[in-house]
Amino acid sequence: MPLIPPAAKIPLPIQEVLAEFFIDLLGKGAAASKTRELKLQPQTESKYVVAVYEDNYERVGAVCISELLMAAVGGAALVMAAPSILPEVVAAEKLPENLLDNYKEVVNILCSVLNTPNTPHLRLAAIHAFPDEEMGQEVWEVLDRPSNRRDFEITVEGYGGGKLSILAR
Amino acid sequence: MKILVVDDSKAMRMIVIRNLRQAGFGDATVLEADNGLIGLETARSEAPDLILCDWNMPEMSGIEFLKALRAEGDETAFGFVTSESTPAMRDQAIDAGAAFLLAKPFSAEDFQRFLAKVA
């Protein structure tokens, strides 16, 4: 039975890389700047979207937390939906299914900024619109005690933006 | 020109089609399929000039689609446009007969450069 190598540290992107990612993906201007930490508690309802990235041994390598507005902006901008839908999402404090589906694509492709030739390959394993204990202990361990984290404020031209944090195991 | 875009994400198909138009393929007839099996059926019936295909899809993956196509003797130009990209996947794609594997996200310039190889 082959030995499973120890989990490696995942390098996290700098703000310039993240900005370029959104510019290329969304085809419009975008900016990323550092911001304060996003703190997540269980049962925060749908105010956050949590994306979980696993390695080839199904170990959590990184987690991405997006504020509700960030997820809505990403999901809307990806398909060039009218920005006028965003205030409704904020008022309802809930991400509509179509925007969640679109944002799943955004965080799926976001994995590309976590993968390097010298670190284990990560892929999107799950996305949670309702952060809670069902995410599993391993995810909460990364959320509570990451080895590294970067917190960003993302802005997308014509849409506004929100906070997005990437935490490494 | 007829181009077949195969991806299980409608959002990503929209983005690829948008990029096709920006790359100067606005006059092309664009067909869509949301998995490799439908892609294969569409390729057989519509004979596209170019296929742009995702890798991970239900029913039939992109690489399975390409291998099935080549096994039938179909040499239609084929490129992968995928969110997941490793050197092993690139090698597998080229060995199976793909002209390129372009990782998402890509800029409009990247897209033009890769399409110039096949169209």
Provide a single number: the residues in the stretch A:121-152 that are assigned to a loop (DSSP other than H, G, I, E, B), buried (at least 17 other Cβ atoms within 10 Å of the Cβ) and either basic (Lys, Arg) or within 14 Å of chain B (Cβ to nearest Cβ) (or both). 2
Take the residues of the stretch A:91-109 that are touching a Phe, Trp or Tyr at 6+ places or on another chain (Cβ under 9 Å) and closer than 14 Å to B:Ser9 by Cβ: which is nearest to the other protein chains (Cβ to nearest Cβ)? A:Ile109
Only one of B:Ala23, B:Ala93, B:Ala43, B:Ala88 that is under 30 Å from A:Leu18 (Cβ atoms), more than 14 Å from chain A (Cβ to nearest Cβ) and either in contact with a helix residue (DSSP H, G or I) (Cβ under 8 Å, 6 or more places away or on another chain) or not in a loop (DSSP other than H, G, I, E, B) (or both): B:Ala93
Only one residue in B:Ser107, B:Ser83 is closer than 25 Å to A:Ile23 by Cβ and touching an Asp or Glu at 6+ places or on another chain (Cβ under 6 Å). Which one? B:Ser107
Criterion (touching a residue at least 12 places away in the same chain (Cβ under 8 Å), within 13 Å of chain A (Cβ to nearest Cβ) and either part of a strand (DSSP E or B) or farther than 22 Å from A:Gly27 by Cα (or both)) met by exactly one of B:Leu52, B:Leu102, B:Leu69: B:Leu102
Within the stretch B:40-58, of all residues that are modelled with pLDDT of 95 or more and over 21 Å from B:Phe111 (Cα atoms), the one surrounded by the most Cβ atoms within 10 Å (Cβ to Cβ) is B:Ala43
For the stretch B:7-14, check the following and say yes or no: at least one residue is under 30 Å from A:Leu110 (Cβ atoms), in contact (Cβ under 8 Å) with a residue 60 or more places away in the chain, touching a Lys or Arg at 6+ places or on another chain (Cβ under 9 Å) and of a type in the set (Asp, Glu). yes
Of the residues that sit in the stretch B:55-66 and are over 11 Å from the mean Cα position of the chain (by Cα) and part of a loop (DSSP other than H, G, I, E, B), which one is nearest to B:Ala103 (Cα to Cα)? B:Asn56
Go through (1) over 13 Å from the mean Cα position of the chain (by Cα); (2) more than 14 Å from chain A (Cβ to nearest Cβ) one by one and return the number of the condition B:Ser107 breaks. (2)
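The values are calculated or read from the model by the stated rules, or taken from the named source; none is laboratory data. Treat the numbers as computed from the prediction; the structure is a model and nothing was measured. In this analysis, Cβ positions are derived from the backbone assuming ideal geometry, glycine residues included, and neighbour counts consider all displayed protein chains.
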